[in-house]
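Asker: This is the structure I have questions about; it appears just below.
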2 protein chains.
Amino acid sequence: MGDTTPDPSATVRDRHEALHAEIRRRICLLDYAPGQRLSEVALAEEFGTSRTPMRRVLARLEDEGLVQSLHGVGTLVTDADIAALEQEYHLRLELTELTGRLDPVMPDAVFLATLDQLIARGAQMVRDGTPRDFTAFDMEVFQVLLQLTGNLPLRDTLERLYYKTKRIWLTAAIEAQLDLQAEFRIFHHELEAIRIALHSGDLDAVAHIQRAHISMSFQRLRKQRD
Amino acid sequence: MGDTTPDPSATVRDRHEALHAEIRRRICLLDYAPGQRLSEVALAEEFGTSRTPMRRVLARLEDEGLVQSLHGVGTLVTDADIAALEQEYHLRLELTELTGRLDPVMPDAVFLATLDQLIARGAQMVRDGTPRDFTAFDMEVFQVLLQLTGNLPLRDTLERLYYKTKRIWLTAAIEAQLDLQAEFRIFHHELEAIRIALHSGDLDAVAHIQRAHISMSFQRLRKQRD
DNA sequence: TTTGATCAATTTGTGTACAACGTTGGCGGA
DNA sequence: TCCGCCAACGTTGTACACAAATTGATCAAA
């Protein structure tokens, strides 16, 4: 089978985090599309464990709103709910702006270098990247930029909102036949703008740039839908 | 034993929610003090179930940061972490302000009547309420006022933050020998102010009043600590 | 043909035995 | 007396068997 090697040295909590991150990633990349049914036993077998720890992971994903377990039916990847998506986007906007005001963390040289490398990879991706590559890249950038705030509950909340909105955005973008190539280019421009703001040490500007792009991205999606 | 009667008509999810709310309530009321060890088997027996559903509840509480399970040790009610508390308070301030801007829900007559009754009960509590009564009352008011925003993820986030900060506040307030009677009176004043703002339909004002009081409450606590 | 009930198959939820792990107290030796 | 070892105990984590619930197929009757 597609046995994922379990690391025996990892602690229980590490294994839980790894499983949670991996399945969340698959959901976000649409490997598990909205509405798809996940099998507890299949997942457990794939990761070389039993149902119990896997159920622990799925329960957490259910609390986060990414899946929904129904007795006798299965564990379903939650589907798009436009009304909920709009609320999540609005809240994400405001929280993103807050990252510039609540415990901002001034980036060090290593951080700036990491981001520069990311942006370079992004330029390449604009040319020959698939939607899946693009989303994976987007996730990576998000995780890096999240480090710019030292407020942990803010980080957690933003992370939850990000994963809950991103995959629905991708689904809707494909469905509405949004010009993904154009979206890539806009994202790359955003990163360039963020780099400039970062090098001048203006974290509030970084936050507002992100806020503006999240807002515009959602507007484009809504306009295309109508 | 202290068998809590299980409702056979309730669905699985209802039972889970009930258990979660009850244990969270006990933690917030300091029935389970920070550092205290909870027994899975004891809780399971008390609520007339087995360890499995109880572990599902405790896992959720752990994800919410209210307890921490350690293999071979026990499930401990998380203790106060002043640095984390400060971050949570700051975020709570901003999110509380947001309730006035994100999907505000104009209260109907029933809501206003409910609140008036609450305020009346609050006046009585100022005279002869124990700290435990006061906290229970505070929780009730919080849940009611939360209905003033229609933004569900905002509600959820605020709820998490509220329960995570409130119990630590109570612990610290007792420890720092804060004048709880004075705190009761101030809270009652806050409610009067909120009523006025509500009757004039100014939800943004309601949000700012709450924000101001949360901020001042934390300031008083910090000043008393030093 | 349609409709209805019934049954088998599949899935999640629960209970329980056992493994893994950390703590604590006692015991022995220096 | 003090230190270190270790064994017994209690707790959480895992695995698995079974219960509960839903779905879909199948078949008989209208």
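Asker: At 20 °C and 1.002 mPa s, what whole-number value in µm²/s does Stokes-Einstein give for the translational diffusion of the range B:85-226, with Rh from the Kirkwood sum over Cα pairs?
Answerer: Rounded to a whole number, D works out at 139 µm²/s.
Asker: Another one. For B:Gly74, enumerate residues with amide H under 5 Å from its amide H, sequence gap 5+ or separate chain, H modeled in the peptide plane.
Answerer: none
Asker: Still on this structure, please answer the following. Which ³J(HN,Hα) values in Hz, rounded to whole numbers, follow from the phi angles of the range A:176-183 under the Karplus curve 6.51 cos²θ - 1.76 cosθ + 1.60, where θ = phi - 60° and Gly and Pro get x?
Answerer: Computed from phi, the couplings for the range A:176-183 are 7, 6, 5, 6, 5, 4, 5, 4 Hz.
Asker: Quick check: at a probe of 1.4 Å, how many percent of the accessible area of chain B sits on carbon and sulfur atoms?
Answerer: C and S atoms contribute 52 percent here.
Asker: Return the chain A residue and its Cβ-to-axis distance, rounded to the nearest Å, for the rotation relating A to B.
Answerer: Minimum Cβ distance to the axis, with residue: A:Thr157, 3.
Asker: In whole angstrom, how far apart do the alpha carbon centroids of the range B:93-132 and the range B:43-72 sit?
Answerer: 31 Å
Asker: Follow-up question, since we're still on this one. Which far-off residues, 5 or more places away or on another chain, put their amide H under 5 Å from the one on A:Asp81, with H placed in the peptide plane?
Answerer: Answer set, sorted by chain and number: none.
Asker: Could you state how much accessible area is buried at the A-B interface, both sides summed, with a 1.4 Å probe, in Å² to the nearest 100?
Answerer: In total, chains A and B hide about 2000 Å² from solvent.
Asker: For label points placed 7 Å from Cα toward Cβ, what is the shortest-first list of nm distances from A:Asp133 to its copies?
Answerer: Its label point is 6.8 nm from the equivalent points in the other copies.
Asker: Between copies, how far apart are the A:Val41 label points? List them in nm, one decimal, shortest first, with each point 7 Å from Cα toward Cβ, please?
Answerer: The answer, with the shortest distance listed first, is 3.1 nm.
Asker: For A:Pro53, place a label point 7 Å from Cα along the Cα-to-Cβ direction in every copy; what are the distances to the other copies, in nm, shortest first?
Answerer: 2.7
Asker: Any chance you could give the angle, 0 to 90 degrees and rounded to 10, that helix A:51-63 forms with the longest Cα principal axis of chain A?
Answerer: 40 degrees
Asker: Summarise the partner chain shielding of B:152-158 as one whole number: the mean count of Cβ atoms from other chains within 10 Å of each residue's Cβ.
Answerer: Taking all residues of B:152-158 together, the mean is 6.
Asker: Taking a temperature of 37 °C and a viscosity of 0.692 mPa s, what whole-number D in µm²/s does Stokes-Einstein yield for the protein assembly as shown with Rh from Kirkwood over alpha carbon pairs?
Answerer: 136 µm²/s
Asker: What nm value, rounded to one decimal, do you get for the distance between A:Gln68 and A:Asp14 when each label is placed 7 Å out toward the C-beta?
Answerer: Placing both labels 7 Å beyond Cα along the Cβ direction yields 3.7 nm.
Asker: Same structure again: Amide H of B:Val105: which non-local residues (sequence gap of 5 or more, or other chain) have their own amide H closer than 5 Å, using H built in the peptide plane?
Answerer: Under 5 Å from the amide H of B:Val105 lie the amide H atoms of B:Thr149, B:Gly150, each far enough along the sequence or on another chain.
Asker: Same structure, new question: On C-alpha positions alone, give me the angle between the axis of helix A:12-28 and the longest principal axis of chain A, in degrees, nearest 10.
Answerer: 70 degrees
Asker: Using only Cα atoms and rounding to the nearest 10 degrees, what angle (0 to 90) does helix B:82-98 make with the longest principal axis of chain B?
Answerer: That helix lies at roughly 50 degrees to the long axis.
Asker: What is the local net charge at B:Glu97, summed over the other residues whose Cβ is closer than 9 Å to its Cβ (Lys, Arg +1; Asp, Glu -1)?
Answerer: The answer is 0.
The values are calculated or read from the model by the stated rules, or taken from the named source; none is laboratory data. Remember, predicted model here, so these are calculated numbers, not experimental data. Every residue, glycine among them, receives a Cβ derived from its backbone with ideal geometry; neighbour counts consider all protein chains shown. Surface areas here come from the heavy atoms of the whole protein model, side chains and all, with no ligands, DNA or RNA. Shrake-Rupley method; radii C 1.70, N 1.55, O 1.52, S 1.80 Å.
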